[in-house]
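Trainee: So that we are looking at the same thing, I have put the structure below in structure tokens.
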Amino acid sequence: MTVDAAQAIIALVALFVTFASLILGGTKWMIVRMEQRMDRRFVDSETRWDARFARAEERWEARFARSESRLAERFEQVDKRFEQVDKRFEQVDKRFEQVDKRFEQIDHRLVALDEEIRGVHDSLSDVKVALARLEGPHPPFLIARG
């Protein structure tokens, strides 16, 4: 092998090593660049997903707060209505007490009226007996007196 052949082989090896290092360096550069881009995109997508989840969580919390406030309002309304019902029952109880008192008064009046009617009936019976004595005896089977 001559010096020129050896130099050519060395030049070819150097050229091969240079191209290999260029290719490997470029590949490494591209891989690093892709890794950086993917990291940026991952960070961006992660922030987007975090923002989406935060918005969704805010919406659910707002909905829950609204439904909770509505439920609290409804319970307050029900409590007010029960208070009104309790007041009405108290009024009804008072009215029933008044009605009971009135019935007792009416019972006393009816007892007094019954005693008066019995007294009148007794006095009417006495009047009838007195009239019958004054009229004298009547024939039996007399249907109508006139």
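Trainee: Lys80: which aspartates and glutamates have alpha carbons under 16 Å from its alpha carbon, excluding same-chain residues fewer than 8 sequence positions away?
Mentor: Cα-Cα hits under 16 Å: Glu90.
Trainee: Roughly how many debye, to the nearest 20, is the charge dipole of segment 1-91 about its Cα centre, given +1 on each Lys and Arg Cβ, -1 on each Asp and Glu Cβ, and no other charges?
Mentor: That gives segment 1-91 a dipole magnitude of about 340 debye.
Trainee: Report, in deg cm²/dmol and to the nearest 500, the calculated mean residue ellipticity at 222 nm for the chain, where each DSSP H run with n ≥ 4 adds -39500 (n - 2.57) and the sum is divided by the residue count.
Mentor: Taking each H run of at least 4 residues, the total per residue is -35500 deg cm²/dmol.
Trainee: Give me the distance between the Cα centres of segment 41-78 and segment 6-37, rounded to whole Å.
Mentor: 55 Å
Trainee: Same structure again: Considering the convex hull of the alpha carbon atoms of segment 1-60, report its projected area averaged over all viewing directions, in nm², one decimal.
Mentor: Over all viewing directions, segment 1-60 projects a mean Cα-hull area of 3.9 nm².
Trainee: Next question, about the same structure. Helix 3-135 against the longest principal axis of the chain: what's the angle in degrees, Cα atoms only, rounded to the nearest 10?
Mentor: 0 degrees
Trainee: Still on this structure, I have one more. Compare the Cα positions of Phe103, Thr27, Ala54 along the charge dipole of segment 1-144 (+1 at Cβ of Lys, Arg; -1 at Cβ of Asp, Glu; about the Cα centre) and return the one farthest towards the positive end.
Mentor: Thr27
Any read-out appearing in this document is the output of simple, stated calculations on the displayed coordinates, not a laboratory observation. Not measured: the values here are computed from a predicted model. A quick note on method: Cβ atoms are made from the backbone with ideal geometry, for glycine too, and the neighbour counts reach across all protein chains shown.
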